[in-house]
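The structure under discussion appears below in the form of structure tokens.
The values are calculated or read from the model by the stated rules, or taken from the named source; none is laboratory data. As the structure is a prediction and not an experimental result, all values here were calculated from the model. Note: ideal-geometry Cβ built from the backbone for every residue, glycine included; neighbour counts use all protein chains shown. These area figures cover heavy atoms from the full protein model, side chains too; ligands, DNA and RNA do not enter into them. Shrake-Rupley method; radii C 1.70, N 1.55, O 1.52, S 1.80 Å.
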Amino acid sequence: MRRNAVRIAVLAMTGLALRAGHAMAQGYGVYEHDACTMGRAGTGVAKPCNASAVFYNPAGIVQAGGTRWNVSVGGVLIRPSFTFTDSVTGAATTGPANTIPVPHVFITRQFAHGWAAGFGIFAPYGLISEWPTTFSGRFLGYRSELKTIYFQPTIAKQVNSWLQIGAGFDYIRTTVDLKQRVDLSSQVAAAGGVTFGNLGIPLGTDFADAHVTGGSWSGTGHFGVIIKPMRRITIGARYLMRSTGDIQGDAAFTQLPTGILLPAGSPLQPGVNGIRCSGHVPIDTLRAAVGLELDQVLECNNVFGTTLAKQHASTRVPLPDQFVIGVAINVTSQLTVLGDYQRVDWHKFISLPLNFATIGSRTLWEDFTSTDGLRVGAQFDVNSSVSVRGGMLWHQGAAPDNTVTPLLPEGERVEQTLGLSLKIMSNARIDAAYQHITQADRRGRVVDAARGAGASLNSGLYSGGANLFGVSLAWGF
């Protein structure tokens, strides 16, 4: 039997390695919700580590023969680093070094007759992308933050000796915080679509800072099953249903000085070319060479006075469904190898519509594609108090070549993990994990584009990676 288990383990790992070219897209997904599972590369659907089964497989919260209560709390620190290198100038812009915390809390309770209940708080989707305000892509966005918090009550049942099933309901809080600069040259200055750029204002003139914030509540479901066909082999699967964050919030605009000096006879001077519209546009640093101040007399389409006043804003953010299936093989009493296959329907993220009460609508096209993924991990129990873990992941970017932008400059990734578990009490242990992400360079753009514009607007190279550190405390009583 032991020889057969070893043979099955080798075949399973070989099969996963052969499929490594078909890799999971990261998108704006987060999969690190427990240091134990993180240490073995996120493989947990067939054999969850602890109460984190609430996320990794709701069926796994049933732990026959274990303690009545199980609790796992902790978090992961994500430290990304991204750089954009302009293909023409060779100038490199690096985003600030942020450390992003992702906390988690899981609690489970065992009941009679094979029933169990649990509750989890976790964040399976989210991102923070930040660039300097001098970055050439600032008019598309220089800071993008998406946060989701899932609150999941869960119930599970040990149906018989080889079958467990579980389900949960997710109540989701989604928030967005988007910042971008507004380019004066692209604003309409007169009837007929004449822009300030047509009248001599240079391309890339910052004259306002836009800040969009908002949030929503939504719900979805989460289902899992665990099957034990053989003594040493466990198979698990889970399905997290999709949801949508229907964000409602506000957009605020802050005027920025331009520092531009207008020469005599400029078409932007009062009365020239008959430019006269309703409402003042306070461009406080624009002055003619003869000293004429324009901040009180220039009237052009309410570009700043009314149109860019604080106003209601809304958008819709898809939270795609996930399907994961995996196997756990107890090769020996001390060694367990695991492998997971994951499907995420990122193709639901077609666009990011931005709707404003006064200035109208704008759509950022994304056209993500659904993706597959692979995880391979292992755990070796040195003794009853110490366990070591390791694993690998393969990812490819969900965004097509023509929608790689500063909002989400993702690319193909290779990730390695290491983990350690120490028993600190008879009923408690601490888990620690490290994960390194290496991202392949990928060409992208820094300007907005119409849908189907192709990759011709890609003007530089995005490169980056990340280091992740996770700690969890798990105990039972």
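Within segment 421-448, track down each residue that is open to solvent by 30 Å² or more (accessible area, probe 1.4 Å), of a type in the set (A, V, I, L, M) and within 22 Å of the chain's Cα centre (by Cα). Don't jump to the end; show me each part of the working.
Initial filter on segment 421-448 (open to solvent by 30 Å² or more (accessible area, probe 1.4 Å)): 422-427, 429-430, 432, 434, 436, 438, 440-443, 447-448.
If we keep only those that are of a type in the set (A, V, I, L, M) too, we end up with 422, 424-425, 430, 432, 440, 447.
Once the filter is applied, which keeps residues that are open to solvent by 30 Å² or more (accessible area, probe 1.4 Å), of a type in the set (A, V, I, L, M) and within 22 Å of the chain's Cα centre (by Cα), segment 421-448 yields 440, 447.
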Quiz item: Can you name the residue in segment 341-350 that is open to solvent by 30 Å² or more (accessible area, probe 1.4 Å) and in a strand (DSSP E or B) and, of all such residues, is farthest from residue 403 (Cα to Cα)?
Solution: 341
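Among 442, 389, which is the only one that is touching a strand residue (DSSP E or B) at 6+ places or on another chain (Cβ under 6 Å), among the basic types (Lys, Arg) and more than 24 Å from residue 340 (Cβ to Cβ)? Explain how you work it out, then say what you get.
Values: 389 fails: more than 24 Å from residue 340 (Cβ to Cβ).
Result: 442 is the single residue among 442, 389 that is touching a strand residue (DSSP E or B) at 6+ places or on another chain (Cβ under 6 Å), among the basic types (Lys, Arg) and more than 24 Å from residue 340 (Cβ to Cβ).
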Quiz item: Looking at segment 31-51, is at least one residue open to solvent by 10 Å² or more (accessible area, probe 1.4 Å), over 21 Å from residue 330 (Cβ atoms) and in contact (Cβ under 8 Å) with a residue 60 or more places away in the chain?
Solution: yes
Exercise. Would you check which residues across segment 52-83 are surrounded by fewer than 20 Cβ atoms within 10 Å (Cβ to Cβ), of a type outside the set (Ser, Thr, Tyr) and assigned to a loop (DSSP other than H, G, I, E, B) and list them?
Key: 64, 65, 66, 68
Practice problem: Scan segment 390-415 residue by residue and report those that are open to solvent by less than 70 Å² (accessible area, probe 1.4 Å) and in a strand (DSSP E or B). | Solution: 390, 391, 393, 394, 395, 413, 414, 415
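For residue 168, state whether it is farther than 23 Å from residue 255 by Cα and crowded, with 19+ Cβ neighbours inside 10 Å.
Values: farther than 23 Å from residue 255 by Cα: yes; crowded, with 19+ Cβ neighbours inside 10 Å: yes.
Yes, satisfied.
Can you give me the number of residues within segment 449-458 that are surrounded by fewer than 18 Cβ atoms within 10 Å (Cβ to Cβ) and at negative phi?
At the first step, the residues of segment 449-458 found to be surrounded by fewer than 18 Cβ atoms within 10 Å (Cβ to Cβ) are 450-457.
If we keep only those that are at negative phi too, we end up with 450-451, 453, 455-457.
Residues in segment 449-458 being surrounded by fewer than 18 Cβ atoms within 10 Å (Cβ to Cβ) and at negative phi: 6 in total.
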Practice problem: Identify, from the list 215, 236, the residue that is open to solvent by less than 10 Å² (accessible area, probe 1.4 Å), modelled with pLDDT of 95 or more and not hydroxyl-bearing (Ser, Thr, Tyr). | Solution: 236
